[in-house]
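Below is one structure, written out as structure tokens; the observations come after it.
Just so it is clear, none of the values below were taken in a lab; they were calculated from the coordinates. Here the structure is a predicted model, which is why all the values come from computation and not from measurement. With ideal geometry, Cβ positions are generated from the backbone for all residues, glycine too; neighbour counts draw on all protein chains shown.
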Amino acid sequence: MSPRDLLADSRVLWQMLRGQPRVGSAAERLQAFYAPQASRYDAFRERLLHGRSELIERLAIPAGGTVVELGGGTGSNIDRFGTGLERLQRYTLVDLCPALLAQAHPRAKRHGNVELVEADVTRFRPQEPVDCVFFSYALTMVEDWRAALANALLMLKPGGMLGVVDFYVSAARPRPGFVRHAAWERWFWRRWFAHDGVMLAPQHLEALTDAMPESIRLEREGAMPYLPGMSVPYYLFIGRKSC
Ligand SMILES: C[S@@+](CC[C@H](N)C(=O)[O-])C[C@H]1O[C@@H](n2cnc3c(N)ncnc32)[C@H](O)[C@@H]1O
């Protein structure tokens, strides 16, 4: 890594060390946390937020389909769709943080079928039910994640797909077939991320699996920038809404 990149990362690392403010509305807290690091967000998160391209590759969205990304931030996932984006009727990116949405604007402008919406993911509703809804490292940042999940399910057409990629920690006694993380891992990663308003929990993956028994669940670990030898657990989930 060049000294220039290191200097640019230092702004992100400083914000992460300061953490997300504890006071104010969700929108105010997100803006205070992300605005100073927004221009470096994509370069840094490219090395931290694993599995996003894989999730998008695995979402089998029909040609002419409609997609909603909840908590889409800077819109880097728009680029991950590649040429597949042009086959979509509409891609709606919803986020509550103006500083990150400002980074998404130039991306959205390059495509006629992308719209950006500043809204809370627990309340946003598209005009018509959609083919696919996904969260990419957003569910852990939504305070009322159960409301966000319930809202996502309501947006889907029967047979529509819900995709999630995110950090998590396992339960102390996971369900049969689920991965178990060591006690120190469960303790360490929860505290590490909570400082930045990212709430890791075993309940996310359990609730997803309960809501959509027809699903794929992949539990993985990925490298952490600036923490050599450490790997953080994340999962990919793709479920289909029953018809
Ligand atoms: C870690 S970022 C992930 C951004 C993007 N999906 C990605 O993969 O790079 C989490 C995003 O969730 C958004 N977010 C958190 N709570 C939200 C809420 N209640 N409503 C809308 N967006 C929210 C944040 O503003 C932020 O953009």
#### Entry: At R0 = 25 Å, FRET efficiency that the Cβ-Cβ distance of His195 and Ala63 yields, to 0.05
0.05
#### Entry: Under Karplus coefficients 6.51, -1.76 and 1.60, residue-wise ³J(HN,Hα) of the stretch 90-95 in Hz, glycine/proline x
8, 10, 10, 9, 10, 7
### the stretch 5-51: relative contact order in percent, alpha carbon pairs under 8 Å with at least 6 residues between
42 percent
#### Entry: Rel. contact order, % - alpha carbon contacts under 8 angstrom, at least six apart, the stretch 3-240
18 percent
### Query
Measuring from a point 7 Å past the Cα of Arg175 along Cα-to-C-beta, which residues in the stretch 220-243 have an amide N at less than 14 Å?
237-240
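For a test of the definition: using alpha carbon positions, the gyration tensor, and the 1.5 limit on a/c, classify the chain as rounded, prolate or oblate.
oblate
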#### Entry: Gain upon complete extension [Ser215, Phe188; 0.36 nm per residue less C-alpha separation]
6.8 nm
### Message
Please list 3J(HN,Hα) in residue order for the stretch 73-85, calculated via the Karplus relation 6.51 cos²θ - 1.76 cosθ + 1.60 where θ = phi - 60°; whole Hz, with x for glycine and proline.
### Response
x, 6, x, 5, 5, 4, 5, 5, 6, x, 5, x, 4
### Message
Could you give the length gained by full extension between Arg47 and Glu128, i.e. 0.36 nm per residue of separation minus their alpha carbon distance, to one decimal place?
### Response
25.6 nm
#### Entry: Glu143-Ser2 FRET efficiency (beta carbon distance; Förster radius 30 Å; 0.05 resolution)
0.20
